[in-house]
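The values are calculated or read from the model by the stated rules, or taken from the named source; none is laboratory data. No experiment lies behind these values; they were computed from the predicted model shown. Cβ placement follows ideal geometry from the backbone for every residue including glycine, while neighbour counts extend to all protein chains displayed. For the accessible areas, the whole protein counts, side chains as well, though only heavy atoms, and no ligand, DNA or RNA atoms are used. Shrake-Rupley method; radii C 1.70, N 1.55, O 1.52, S 1.80 Å.
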Amino acid sequence: MNRKRSLLQNMLLTLAIVAVLFFCLFPFVQILSTSLKHQFDWGNPSLIPVKINLNAYKELLGFVQATEEQIPATVKKLLENPLITPEQREKILAKYRSTSDVFPFPRFFLNTFLLSASAASVSLALAVLGAYAFSRLRFGGRTIIQRSILFVYMVGGVLLMVPLYQMSVKVGLARTVWGSLLSLLLIYIIQTLPVSLYMLGNYFRTIPYSIEEAATTDGCSRLQSIFVIIIPLSVPMLVTVFVYCFIIAWNEFLFASVFLKQYHMFHTLPLALQSLFVSKNAIWDRIMAASMLTLIPVIVCFMFAMRNLSGGLAEGGVKE
Amino acid sequence: MASVRFKNVDKWFGKTQVLHDINLDIKESEFVVLVGPSGCGKSTTLRLLAGLEDISAGDIYINDKIVNLLEPQHRNIAMVFQNYALYPHKNVQENIIFGLKRAKASRDLIESRLDKASKMLQLQEFLQRKPAQLSGGQRQRVAMGRAIVRDADVFLFDEPLSNLDAKLRNQMRYEIRRIHREYQTTSVYVTHDQVEAMTLGDRVVVMKDGYIEQVGTPMELYLQPKNIFVATFIGAPSMNILDATLYPEYIELEGQKLPLATNLVKTSVPSDGQKVKFGIRPDFFQDEQLISAGEALTTLPNVHIDIIEPLGYDRELNLKLGHQTLKARLDLRSTAREGDTINLCFDMRRAHIFDIETEKNLTI
Ligand SMILES: Nc1ncnc2c1ncn2[C@@H]1O[C@H](COP(=O)(O)OP(=O)(O)OP(=O)(O)O)[C@@H](O)[C@H]1O
Ligand SMILES: [Mg+2]
């Protein structure tokens, strides 16, 4: 790089960076800001809330129950009428407490987390074995298999949605909740596997083969040497791949919307947020707070991956 | 301890053949050294024995059992790799005891072996370091330690001392000899170093372009090389090879007729003015002024001295004989000076005559 940049060039560069950063980060700031505002403040273009409102977060995280305040005054009057039997009263109250209005955020969070974590784990486990085979073993059809897997990745997505759903209906998986979840899990695994294989395969190729050879002369079988040599040396890449798979599954909306449509309690967060968005009484602070909470695992994952990306674990083993 | 046998082994990498019909018998607890120029197939030979490469033809036996298809982990061999191949994520201590641990050795055994090896290899200070924090020579010693602590049937060493300084190398050579004397483990050792080959090997195998040129004890190779390649490869400085003409009674060298020792050349060789190569080691020359009377030596008179290199323990003379150059190694008492001429004496029975075409030694 040319060190003698003029002041003007420096300023332009800084400006460009700021502009890009602003463009990227503004939506997140907006989300955060709105999630902390009171209803009267929503229209205010200022990003700083007039008065901080944490109710949305509290409600989502289950610290406060949906209160009776939401029951309109007329209905309350009605309830106070002594002619109403306790059963009738319960019926009326249940309408206002019905789950369709309460947003069980922790439940959705857990759904998404379990689904994403299992998809990422299985994908990672398969990718380790597959990538090892691609990078180390010589077998007939290796190139063809490798290419066709990448091909699946490129085709993937929307195009396959209808056929995949039809398949799972035919097989009978779509008939039950667990079947649908299984189909979704399989789809996430298949969607993430090509890139996982590719990333891990390339990484494995940077580990000198003679280290494994040394392990075999020291008495390790091939499988053992994967566990004793390859995996410990690939930790940064394994973390990266896991995070990649996890985030893909965490954010996935399309397939989840098709397979889980009818099973409300098994919705994932992207689905749940979508239903919040389209509901008639859009409560913006709640929507934005939910969005914010959905982002958190992604950010955590990202920071975790960054910490591990330093690499260089395999250095020093062989003479260059 | 184990015996090892290569029987008609070929190795192909794709369309190139890198080993040709290798036949080699290694007895129990023998120490065999492989030498040869770079790329001649020494490492490949070791790797075939270790099971890290598949053989293309022939058989390899360990303890009279064919091991062609046996995986490396079941051959019970320990190998020092040419590129070290240490475990980068394990520290020195973990590297060294890795094999013992896998073999489920007792804690006491592991402790004592580690202690002994780290002392011998001068690695005590580095036991907790990772390979990346070591110098090349230190890494090489770790690689060495990892092999010698194990109870292997065969030790394979691929240039294990190449990265050490002269002093440490001598020390390690000595230690390797001691280990071998103590444990008597069958060993195959690859090296470029003359001295290592001569001092360590019970037998030495000279290889070239994937062929075994000669197998023998160090002295056999030194005194009776089968061909010009072995003659010049073994010994430093290497043997003088001079153009000469062979007659029944004498050999003519730059116009000088040197009488032949009896039985030097086999009778089957035609010797009526045929061009040959005459070989004599620099070590076998002596200054005529310094020999005692009564020794039956041949004299090569009036050799022009070009350059003298004093090496401390002796003096190496670069000489001119007609158009040919040769070297002589004379002892320190010699007063020869650059630009002088000198009369060199040698024992004709130590000389060799090689066929000019096949380069084979005609005197053995
Ligand atoms: N994996 C391989 N694929 C193709 N050719 C190879 C392979 N490994 C070695 N060779 C070739 O086989 C020949 C012998 O190689 P080898 O490593 O055994 O030589 P070496 O005697 O150990 O040499 P050096 O003293 O330089 O280590 C060389 O010509 C080399 O190019
Ligand atoms: Mg080699």
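Some values worked out for this structure:
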read-out	value
Verdict on B:S56 being open to solvent by 40 Å² or more (accessible area, probe 1.4 Å) and near ligand 1 (Cβ under 8 Å from one of its atoms)	no
Residues being assigned to a loop (DSSP other than H, G, I, E, B) and either open to solvent by 40 Å² or more (accessible area, probe 1.4 Å) or free of Cβ contacts under 8 Å to residues at least 12 places away in the same chain (or both) - total across segment B:268-306	10
Failed item, numbered, when B:S38 is tested on (1) within 16 Å of ligand 2 (Cβ to nearest atom); (2) among the small types (G, A, S); (3) crowded, with 22+ Cβ neighbours inside 10 Å	(3)
Which numbered condition B:S162 fails, given (1) away from ligand 1 (no atom under 16 Å from the Cβ); (2) within 14 Å of chain A (Cβ to nearest Cβ)	(1)
Close pairs from segment B:28-52: first over 24 Å from B:E175 (Cα atoms), partner near ligand 2 (Cβ under 9 Å from one of its atoms) and open to solvent by 10 Å² or more (accessible area, probe 1.4 Å), Cβ under 6 Å, at least 6 apart	none
Condition met for B:Y183 (away from chain A (no Cβ under 14 Å), within 16 Å of ligand 1 (Cβ to nearest atom) and under 19 Å from B:M1 (Cα atoms))	no
Residues located in segment B:106-119, provided they are open to solvent by 30 Å² or more (accessible area, probe 1.4 Å) and either in contact with a His (Cβ under 9 Å, 6 or more places away or on another chain) or not polar (S, T, N, Q) (or both)	B:R107, B:D108, B:L109, B:E111, B:R113, B:D115, B:K116, B:K119
Single residue of segment B:46-79 satisfying the filter (within 16 Å of ligand 2 (Cβ to nearest atom) and not hydrophobic (A, V, I, L, M, F, W, C)) that is nearest to the other protein chains (Cβ to nearest Cβ)	B:R47
Of all residues making up segment A:189-207, the number that are in a helix (DSSP H, G or I), open to solvent by 30 Å² or more (accessible area, probe 1.4 Å) and β-branched (V, I, T)	1
Filter result (modelled with pLDDT of 90 or more and open to solvent by 100 Å² or more (accessible area, probe 1.4 Å)) within segment A:13-58	A:L15, A:F22, A:F23
Enumeration of residues in segment A:126-171 that are of a type in the set (A, V, I, L, M), under 22 Å from A:V241 (Cα atoms) and in a helix (DSSP H, G or I)	A:L126, A:A127, A:V128, A:L129, A:A131, A:A133, A:I145, A:I149, A:L150, A:V152, A:M154, A:V155
Qualifying residue in segment B:12-28 (condition: part of a loop (DSSP other than H, G, I, E, B) and open to solvent by less than 40 Å² (accessible area, probe 1.4 Å))	no
